[in-house]
Amino acid sequence: MNINENTRVIDLKVSDLITILKESTPIPAAPVQASEDDDEIGGYEVAEKTTGYARQTIYQLKSKGKIPYIAMPTGGVRFSKKEILKWLMSHKKLTSEEITAKAENFVFKRRARRK
């Protein structure tokens, strides 16, 4: 079909429309892989999505100064996903094997100091 500026859209077939879209749409480049240096900064939504906590819990943790946040000069609050993940990992509980290894290391160092 010969398509020009006077051709009505209603006169086109779906296959014609698909052809037009393929010709006019550039081929997308390969998706860019997110590096570990990328950080997501946003409002309470970022904190909620990252921690899984409710907004009220985020409010309470922020007011007590227990969760890392960025205070904006205009009075707003922003959260860094990377900082929140670091904060969450700092509260990680040790496994029984890790506790045993830590205790043995402590006893070994203590005996070494007494000699």
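In region 80-107, the residues that are touching a residue at least 12 places away in the same chain (Cβ under 8 Å) form Cβ pairs under 7 Å with partners that are of a type in the set (S, T, Y) and surrounded by 10 or more Cβ atoms within 10 Å (Cβ to Cβ), at six or more places apart or across chains, as follows: K81/T50; I84/T50; I84/T51; L85/T50; L88/T51. Within region 34-43, restricting attention to residues that are in a loop (DSSP other than H, G, I, E, B) and not acidic (D, E), which residue is modelled with the highest pLDDT? For region 34-43, the residue satisfying everything is G43. Among the residues of region 80-115, just one is in a loop (DSSP other than H, G, I, E, B) and closer than 15 Å to L61 by Cα, namely H91.
Kindly indicate whether any position in region 66-79 is under 26 Å from D38 (Cβ atoms), of a type in the set (K, R) and assigned to a helix (DSSP H, G or I). Working first, answer last.
First, the residues of region 66-79 that are under 26 Å from D38 (Cβ atoms): 66-74, 76-79.
From what is left, the residues that are of a type in the set (K, R) are 66, 78.
Okay, now just the ones that are also assigned to a helix (DSSP H, G or I), so none.
So far as region 66-79 goes, no, none of its residues is under 26 Å from D38 (Cβ atoms), of a type in the set (K, R) and assigned to a helix (DSSP H, G or I).
With the structure loaded, tell me whether K13 is basic (K, R), loosely packed, with under 10 Cβ neighbours inside 10 Å and either modelled with pLDDT of 75 or more or more than 43 Å from the chain's Cα centre (by Cα) (or both) or whether it fails that test. Against the criterion (basic (K, R), loosely packed, with under 10 Cβ neighbours inside 10 Å and either modelled with pLDDT of 75 or more or more than 43 Å from the chain's Cα centre (by Cα) (or both)), K13 qualifies. Scanning region 80-115 for residues that are surrounded by 10 or more Cβ atoms within 10 Å (Cβ to Cβ) and under 30 Å from D38 (Cα atoms) yields S80, K81, K82, E83, I84, L85, K86, W87, L88, L94.
Taking region 44-65, which residues are more than 12 Å from K81 (Cβ to Cβ) and either among the basic types (K, R) or outside any helix (DSSP H, G or I) (or both)?
To start, the set of residues in region 44-65 that are more than 12 Å from K81 (Cβ to Cβ) comprises 44, 52-65.
If the condition is that a residue be more than 12 Å from K81 (Cβ to Cβ) and either among the basic types (K, R) or outside any helix (DSSP H, G or I) (or both), then G52, Y53, A54, R55, K62, K64, G65 are the ones that fit.
The values are calculated or read from the model by the stated rules, or taken from the named source; none is laboratory data. In this text the structure is predicted, and so the values were computed from the model without any measurement. Glycine gets a Cβ as well: all are built from the backbone with ideal geometry, and neighbour counts include every protein chain shown.
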